[in-house]
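Report on the following structure.
The values are calculated or read from the model by the stated rules, or taken from the named source; none is laboratory data. The structure displayed is predicted, hence computed values, not measured ones. So basically every Cβ, Gly included, is an ideal-geometry build from the backbone, and we count neighbours across all protein chains shown. To get the accessible areas, we keep the full protein, side chains included, count just its heavy atoms, and leave off ligands, DNA and RNA. Shrake-Rupley method; radii C 1.70, N 1.55, O 1.52, S 1.80 Å.
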Amino acid sequence: MTQTAIDYADSHKEQHLNELIELLSIPSISTLREHIPDIRRAAQWVADQMVAIGLEDVRIYFTKGHPVVFGQWGKAGPDAPTVLVYGHYDVQPVDPLDEWHTDPFQPTIRDGNLYARGASDDKGQFFTHLKSVQSYLETAGRLPVNIKFMIEGEEEVGSPHLGEFIDEHLDRLSADIALVSDSHILAPDQPSILYGLRGMVYTEVVVTGPDHDLHSGTFGGAVRNPANALCGIIAALKDSDGRITIPGFYDNVRLDDEERATLARVPFDEESFRRE
Ligand SMILES: [Zn+2]
């Protein structure tokens, strides 16, 4: 079943590549208002693609921000697990434009790599999963698991409306496994499945000081320079081993022994890591 699906994907490589190029040509930049029509166009493209490959219940959900595209295939039976694939069709802005070797929205192949904004984050990734599903459905006529796709359009702005969307559609999105289709593989010959990610915290710190110059001879040492104070605050966030010192920061971070042992077996080349 798997080999025939792989053969199908191989023999349709050219066609699939052309479709990916079509998707990559849509400048779906979520941070810029002038690209709202492109965002809509990309959402529609993804929905059309889902229908074309044989997904069911395909729908574009309009949120208070950019739309979420949903599609599923659920005929593997109630005993088979259900996989929810997450991805995003929006992309980052492209400036400074003159640092691109080729137009970011005119996908170009160089040295066997496809260059375009979003090629590796995240259009290329979820497209791979869509095409994997298609390859199974076209050959075996079925999948070994039930599958759901949730492809959003606001990841690059912090997914401000995704939480609300998930709360509203919990039943529809329920799954045994959530697969994040928004990461990288370890090497071209080293596929990987991602099941956890670091979170992200950011904050704005404002440090204020005197509203006029102070004479160093009179006030130096007694009044702290805001620039020094800020440096101190930033430096205190980590200890000399790089561990974050904020109380409670690691409370919900968990990595058991089995996971550590598995991670230790992942091939790692320090040289290429440094180069990257
Ligand atoms: Zn991403």
Hey, can you tell me all the residues within the range 135-161 that are assigned to a helix (DSSP H, G or I) and surrounded by fewer than 22 Cβ atoms within 10 Å (Cβ to Cβ)?
-> 137, 138, 139, 155, 156, 157
Failed criterion for residue 170 (all others in (1) surrounded by 12 or more Cβ atoms within 10 Å (Cβ to Cβ); (2) closer than 30 Å to residue 60 by Cα hold) | (1)
So how many residues does the range 251-268 have that are under 24 Å from the mean Cα position of the chain (by Cα), open to solvent by 80 Å² or more (accessible area, probe 1.4 Å) and not hydrophobic (A, V, I, L, M, F, W, C)?
-> 4
Please verify whether the range 183-190 includes one or more residues that are of a type in the set (Ser, Thr, Tyr), away from the ligand (no atom under 16 Å from the Cβ) and in contact (Cβ under 8 Å) with a residue 40 or more places away in the chain.
-> no
Within the range 65-88, restricting to residues that are open to solvent by 30 Å² or more (accessible area, probe 1.4 Å) and more than 16 Å from the ligand (Cβ to nearest atom), the one that is farthest from residue 44 (Cα to Cα) is 79
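Which one of 95, 121, 57 is away from the ligand (no atom under 16 Å from the Cβ), open to solvent by 40 Å² or more (accessible area, probe 1.4 Å) and assigned to a loop (DSSP other than H, G, I, E, B)?
After applying the criteria, what remains is 95.
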Subset tally (residues that are in contact with a strand residue (DSSP E or B) (Cβ under 7 Å, 6 or more places away or on another chain) and at pLDDT below 90) for the range 219-268 = 1
From 192, 216, 181, residue being at pLDDT below 95 and closer than 30 Å to residue 62 by Cβ = 181
